[in-house]
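Asker: Here it is: the structure, laid out below.
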Amino acid sequence: MRGATQILALQSASFVLRERIVAVLVGLFVALVLLSSWLGWSATATVTGIYIRSAAFLQASGQPVPPNPVLDISPLSLMRNMVVYVALIGALAAIVIGNQLVALDRKSGVIPLIGVRPVPPHGYALAKIAALGGLVIGLTALSALVSVATFAILPQTTLDGAGWARLAGFFGLSAIYMMILGLVALASAAFARAEGVGLLVPVTLWLTLTFILPALTSNILPTAALNPISALAPLPESPFFQWAGWALGPVSLADAYKIDSARLLGFLPQDYAVRAMVPPLASLLAALVLAAVWATHALTRIDLTKGDYDA
Amino acid sequence: MPASIISIRHMCQTFDSLPVVRDLTFGIAEGEVFGFLGHNGAGKTTTVHMLTTLARPASGTAEIAGADIVGDPMGVRRQIGYVPENVRLYDTLTAQENLMFFARLSGLGDPAARVAETLALLDCSDLALRRVGGFSKGMRQRIGLAQAILHRPRVLFLDEPTSGLDPMGIKMLRDVIARLNRDRGMTIFMNTHLLSEIAKTCTSIGVLGHGRLIYHDTMQAVTARYGSDSALEELYLSLAPASQPAGAA
């Protein structure tokens, strides 16, 4: 027989998946993953098609035929759009999932009825974090499956063992990034007195991480968030941006995620220098730990006698 | 004298340093239907929250079926059922889905069978596949009661169970309480304002005033002292000066 915490985690995940807004965001994320794969396939097929015709022309005119340019870049870089989709839609989906995992219980007012069940101390918090983890990993696994299928059917791209490991690393990193925002949403939904505030806090954080901080830590262009890595836009060299990159880099998590993703997928420029005072992965891991601590703290302090929102 | 299944010892609670429940000490024998009376804000619901382990007492403790509410809250939770004043459930789920969730959470081995049995016991099998969101107050109260007795608890806590119910709903609830007490030997702890309900349902009563227990006896003793007609009303009015908040008429 399953333990109460495990049952609570499974049921919570199943209830959240029935929510329309969650289904829409998950569906949108998967659609974007498919789009990313199609874009990768389309770009490769187009370049290869042009190359084949050019090579035939060069061969016919007796000129040397250079190698296919597709083979000069990392095959994993075909996934570069995924980095943007995770930072934009994947993170938003994680926020909505994290929020709904707690908000559903609070809105329904069932927390006292759960509180009188033999759920161990911290069981509620563990169950919600486990449910969030399960859903984020499931979402990541689904997108990984689409990516693996893409690489399997693309004739020009073959991945060696290290390539597959880096692809797995990218999806692991994506799960960490989504989990950070999901945990903040969990904590905020548990902590807030009004439902709207519970959602507003993580969405504001998401906006700040995605659009505001990258403008200060890597470049000033408003389109920075839409570049897979900030390095694709020119880096300003003024002292202010040098200082802002160094000081704010550790909290500029979207940038940290994009930089390490670009490194893993093999499209980070060779000369790219990280300005932040700590390495991007360390920032992300520290943020994950802090978010988990905050979520546990907030979830264990829910008032079991009512649990619902004041408003 | 049967042993106490609920034994409260010097239990206190404070909110923002203000005492809400003060030095509560009394016992309730197994098989009793106990009515807990008191004016609004007397501390009845706070007492139930502490006894059901939803809130921790500021000091003192209580034992429910041998388990301490502070030292062994998990032990207490296995022995109790709880129906809050306003039963709230997952509105988007059906009654059956809600009950299956609580049955699983209570660790029941065959939740589906227990849910079906409980719905039949409460004459509401027809509600099983309907979404709770469209339920009336009375229907919600039935499903709320069902979730509380699914795991056959030894003690059932009801917080203002008749609040907002129509006469038919009140009659149904009264019958169910009597049946659970008679057939299953379930001890019932009921907060209510309705003296008539206490008179019809309870075997013993307690009156709370300013967080203190100011009266505790059997219904038999109350009837013997004040006569059978409106005995409770007589008793409650005689205790009114001690039970009403300062300045109340």
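Asker: What average number of partner chain Cβ atoms lie no more than 10 Å from the Cβ of the residues making up A:15-22?
Answerer: Partner Cβ neighbours, averaged per residue: 1.
Asker: Let me ask something else about it. Send over a whole-number figure in Å² for the accessible area per residue of region B:1-144, probe 1.4 Å.
Answerer: 40
Asker: Among rounded, prolate and oblate, which fits region B:94-169 when a ≥ b ≥ c are the square roots of the eigenvalues of its C-alpha gyration tensor, a/c under 1.5 means rounded, and a/b larger than b/c means prolate?
Answerer: oblate
Asker: Could you please report the charge total around B:ASP23, scoring K, R as +1 and D, E as -1 over all other residues with beta-carbon less than 14 angstrom from its beta-carbon?
Answerer: +3
Asker: Quick one: Cα convex hull volume of region A:36-186, Å³ per residue?
Answerer: About 117 Å³ per residue, rounded to a whole number.
Asker: Count charges around B:ALA128 for me, please; just the other residues with Cβ under 15 Å from its Cβ, Lys/Arg as +1, Asp/Glu as -1.
Answerer: +1
Asker: Further question: Across chain A, how large is the tail of the calculated P(r) beyond 38 Å, expressed as a percent of all Cα pairs?
Answerer: Cα-Cα pairs of chain A separated by over 38 Å account for 23 percent.
Asker: Contact order normalised by length for region B:1-84, with contacts defined as Cα pairs under 8 Å and 6 or more residues apart; what percent is it?
Answerer: 30
Asker: Oh, and also: Would you mind giving the mean number of other chain beta-carbons within 10 Å of the Cβ of each residue in B:45-56, as a whole number?
Answerer: Average neighbour count from other chains, rounded to a whole number: 3.
Asker: Treating the beta-carbon of each Lys and Arg as +1 and of each Asp and Glu as -1, no other charges, what is the dipole magnitude of the protein assembly as shown about its Cα centre, to the nearest 20 debye?
Answerer: Charge dipole of the protein assembly as shown: 520 debye, to the nearest 20.
Asker: Oh, and also: At 10 °C and a viscosity of 1.306 mPa s, what translational diffusion coefficient does Stokes-Einstein give for region B:30-159, taking Rh as the Kirkwood radius over Cα pairs? Give it in µm²/s as a whole number.
Answerer: D = 102 µm²/s.
Asker: I need two numbers for chain B: Rg to one decimal and Dmax as a whole number, Cα atoms only, in Å.
Answerer: Just the Cα atoms of chain B yield Rg and Dmax of 18.0, 54 Å.
Asker: Can you give the net charge of the other residues whose Cβ lies under 15 Å from the Cβ of A:VAL84, counting K and R as +1 and D and E as -1?
Answerer: For residues surrounding A:VAL84, the net value is 0.
Asker: Listed here are the pairs A:LYS107/B:LYS200; A:LYS128/A:LYS306; A:LYS128/B:LYS44; A:LYS128/B:LYS171; which of them are more than 29 Å apart at the Cα?
Answerer: Over 29 Å apart, Cα to Cα: A:LYS107/B:LYS200; A:LYS128/B:LYS44; A:LYS128/B:LYS171.
Asker: Roughly how many debye, to the nearest 20, is the charge dipole of region B:44-156 about its Cα centre, given +1 on each Lys and Arg Cβ, -1 on each Asp and Glu Cβ, and no other charges?
Answerer: 180
Asker: Any idea what diffusion coefficient region B:133-229 gets from Stokes-Einstein, in µm²/s, Kirkwood Rh on alpha carbon pairs, 4 °C, 1.567 mPa s?
Answerer: Estimated via Stokes-Einstein, D reaches 88 µm²/s.
Asker: I'd like the mean, over residues of B:65-77, of how many other protein chain beta carbons sit within 10 Å of each residue's own Cβ.
Answerer: Averaged over the peptide's residues, the number is 2.
Asker: With the full set of protein chains in place, find how many percent of the accessible area of chain B is carbon and sulfur; take the probe as 1.4 Å.
Answerer: Its accessible area is 51 percent carbon and sulfur atoms.
Asker: Rounded to the nearest 5, what is the percent of antiparallel bridges among the DSSP beta bridges in the protein assembly as shown?
Answerer: The antiparallel fraction comes to roughly 55 percent.
Asker: In units of 2.2 N^0.38 Å, what is the alpha-carbon radius of gyration of region A:124-215?
Answerer: Here the Cα radius of gyration is 1.39 times the empirical estimate.
Asker: Right, next: Would you compute, for the Cα atoms of the protein assembly as shown, the largest minus smallest coordinate along each principal axis and list the three values in descending order, in whole Å?
Answerer: 120, 52, 36 Å, listed from the longest principal axis down.
Asker: Charges only on Cβ, +1 for Lys and Arg, -1 for Asp and Glu: so what's the dipole of region B:112-249 about the Cα centre, in debye to the nearest 20?
Answerer: 540
Asker: Before anything else, pin down the relative contact order of region B:101-227: Cα pairs under 8 Å, at least 6 apart, normalised by residue count, whole percent.
Answerer: 18
The values are calculated or read from the model by the stated rules, or taken from the named source; none is laboratory data. These figures come from a predicted structure and were not determined experimentally. Cβ atoms come from the backbone with ideal geometry, glycine included; neighbour counts cover every protein chain shown. Surface accessibility is based on the protein's heavy atoms, side chains included, excluding ligands, DNA and RNA. Shrake-Rupley method; radii C 1.70, N 1.55, O 1.52, S 1.80 Å.
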